[in-house]
Structures are given as C-alpha cells and as structure tokens.
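Report on one structure; see the data block that follows.
The values are calculated or read from the model by the stated rules, or taken from the named source; none is laboratory data. Given the structure is predicted, the values throughout are model-derived calculations rather than measurements. Reconstructed Cβ throughout: ideal geometry from the backbone, glycine too, with neighbour counts over all protein chains shown. Heavy atoms of the whole protein, side chains included, go into the accessibility calculation; ligands, DNA and RNA do not. Shrake-Rupley method; radii C 1.70, N 1.55, O 1.52, S 1.80 Å.
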Amino acid sequence: MDWKKLSTIKIQEVYNGLFLNRCYLCNAKNNNTQSSSKSHNTLCQHCHQGFAKNTNSCYRCKRPTHTANILCGQCQVSSPPYQLCVAPYRFEGIVKALIHSIKFNQGNHYIRPLTYLLSEQLIHTYSAEPWPEQILYVPSHPTRIKERGFCQTHAMTQLLIKNLRLHLGEKCPLQTKHNPIKKIKHTQAQHSLTRKERLQKTQNSYQIDGEIAKHVALFDDVMTTGSTIESCTRLLLKAGAERVDVWVIARTPDKGY
Ligand SMILES: [Zn+2]
Ligand SMILES: [Zn+2]
C-alpha cells in the first residue's frame, strides 16, 4: 500500500476503521450488532445490507439469474472446467463502487471489508467441502501493476489468507511464495468479442510457472464473462491440478438481470 498517496481524509477513514471500530463506509460506530464482536469486520450491519447478494444464481458458475439454484443456459451447453465457484455478491451498486475505488482511486482500505466478507462465505461453503491446498490468484500484467503501483488481486489474496488463517489455523491453504500464474500479454477489456473469441484470446495471455497442488483455489476480484477464469482453470488442470475451485468477490450480471 502506498501510504504517501493516500489523502488525509482516507488516512482518517482507515484510522477510524482500524482503531475506533467504526464502519469503513459510513463512519458509524460498530456497536450492538452481530458484526461488532468480530473486530475484522469493518462494515456496519446497515452498510452491509446495501450489498447486492448473489443469491439468485446458477449453481455451477454463479451467473446471476432470476431464480435461485438453477443451471444457466451457458452451463447447460458446456460445463465449466472448475469444480465449484464461490461468488457472494453481484458486481453492482456499492460492491462495484468499492472495487472500482480499489483499482482506480487508491481505495486500498476497502480490501479489508471485502475480503473479510468473502472469507465468511468461504468458511460457510467449505463446512461441507475439503479446503484446497493452495490459493492462487489471477494477476494483472506487470505493465498495469507499474501504472497502479500494486496488484489488487495479490493484496486481496494476502488479506484473505490472513482471515482464513484466523479461522482455520494450521489447516489454512498455503499460498506459494510466488504466484505461479503469470500474465504474459497485456490485454484490453473484451466486451465486444464473442465468447469463443474471448476464450481464444485469454488462453494465450497467461502461463503457469511453478508448482501446482492437486486441489487449488483460484482467486479473482470480479468474474465478468468468465473467460479469464476458464482459461486459467484449464492451464492449471494442464499443469497438474486435479480440482480447481474459483473464489471471486462478485459476479457481473448479464444485461437484464
Ligand atoms: Zn456503515
Ligand atoms: Zn452457469
């Protein structure tokens, strides 16, 4: 985190969140709520209620749908290569604003509440599943990291592991020192391409360099079309993984959902 770049107001917000147990968003004091007993949750109940939960979604790929627990058209045509997808929020409203702020507006302090909420969802999901042995993340291209001064998925993964370790202790999935997924091509947003074109393009944008466990978790902040996640999953399966679980904070709804 580049502290020098943060404005005084933001430093105050961080201070309030860390030391005064105040909500990161509205600055309200966190008391007498369920979340207040957990000092790592830095959002008040009221603000959290404003997050769009991804309850109605496809049970395979977590694509937002109109009804809960259905198999979306895409997954009926071809099943995604990952085993399980955890995506607790829709990429809209407050969640979208916070993630944008992290990427473009030095809102690094929002990483804390977002990763906390994802870890809560993971602990719930994995009460009935074996935990992965390794956490990997979809990295930004080195050029982009230079521009922004940091890689947000790297920063998020670090905090996510910290949260999980508090809950799981020694059983916490370990992250290798160097993320074995590398982005080798600097690609632009690909919304205008068809699904097939996107998959072809993203497949050549990443490469694996390092040890891969049998059961891995692949983290990204947002899943939009799913082509990046799918391409990275296929690369991991080729590199020796037997099971890939996808962890994202938010999933982008298709138009009309
Ligand atoms: Zn609040
Ligand atoms: Zn689906």
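Only one residue in L174, L237, L193 is over 21 Å from P113 (Cα atoms), touching a residue at least 60 places away in the same chain (Cβ under 8 Å) and open to solvent by 30 Å² or more (accessible area, probe 1.4 Å), so which one is that?
It is L237.
Consider only pairs whose beta carbons are under 6 Å apart and that are at least six residues apart or on different chains; among these, list those whose first residue lies in region 41-53 and is at negative phi and open to solvent by less than 40 Å² (accessible area, probe 1.4 Å) and whose second residue is of a type in the set (K, R) and more than 8 Å from ligand 1 (Cβ to nearest atom).
T42/R112; A52/R90
So, in region 146-171, exactly how many residues are part of a helix (DSSP H, G or I) and either more than 11 Å from T115 (Cα to Cα) or not assigned by TED's automatic domain parsing to the domain that holds Y116 (or both)?
12
Residue by residue, here is whether (1) modelled with pLDDT of 95 or more; (2) of a type in the set (D, E); (3) closer than 30 Å to Q49 by Cα holds:
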site: R63; (1), (2), (3): yes, no, yes
site: R90; (1), (2), (3): yes, no, yes
site: E129; (1), (2), (3): no, yes, yes
site: G169; (1), (2), (3): no, no, yes
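Just to be sure, is C85 over 20 Å from G256 (Cα atoms) and touching a Cys at 6+ places or on another chain (Cβ under 6 Å)?
Taking the combined requirement at face value, the residue satisfies it.
Looking at region 67-76, which of its residues are in a helix (DSSP H, G or I) and either surrounded by fewer than 15 Cβ atoms within 10 Å (Cβ to Cβ) or within 16 Å of ligand 1 (Cβ to nearest atom) (or both)?
G73, Q76
Being of a type outside the set (D, E), more than 9 Å from ligand 2 (Cβ to nearest atom) and under 26 Å from H215 (Cβ atoms): is that true of L84 here?
yes
With respect to A128, is the statement that it is away from ligand 2 (no atom under 16 Å from the Cβ), touching an Asp or Glu at 6+ places or on another chain (Cβ under 6 Å) and of a type outside the set (K, R) true? Step through it out loud before you land on a result.
On the way: away from ligand 2 (no atom under 16 Å from the Cβ): yes; touching an Asp or Glu at 6+ places or on another chain (Cβ under 6 Å): no; of a type outside the set (K, R): yes.
No.
When the residues of region 140-161 are narrowed to those that are free of Cβ contacts under 8 Å to residues at least 24 places away in the same chain and within 16 Å of the chain's Cα centre (by Cα), which ends up surrounded by the most Cβ atoms within 10 Å (Cβ to Cβ)?
C151
Which one of the conditions (1) in a helix (DSSP H, G or I); (2) within 30 Å of W131 (Cβ to Cβ); (3) of a type in the set (S, T, N, Q) does Q200 fail to meet, given that it meets all the rest?
(2)
So which of S79, S57 is open to solvent by 60 Å² or more (accessible area, probe 1.4 Å) and within 13 Å of ligand 2 (Cβ to nearest atom)?
After applying the criteria, what remains is S79.
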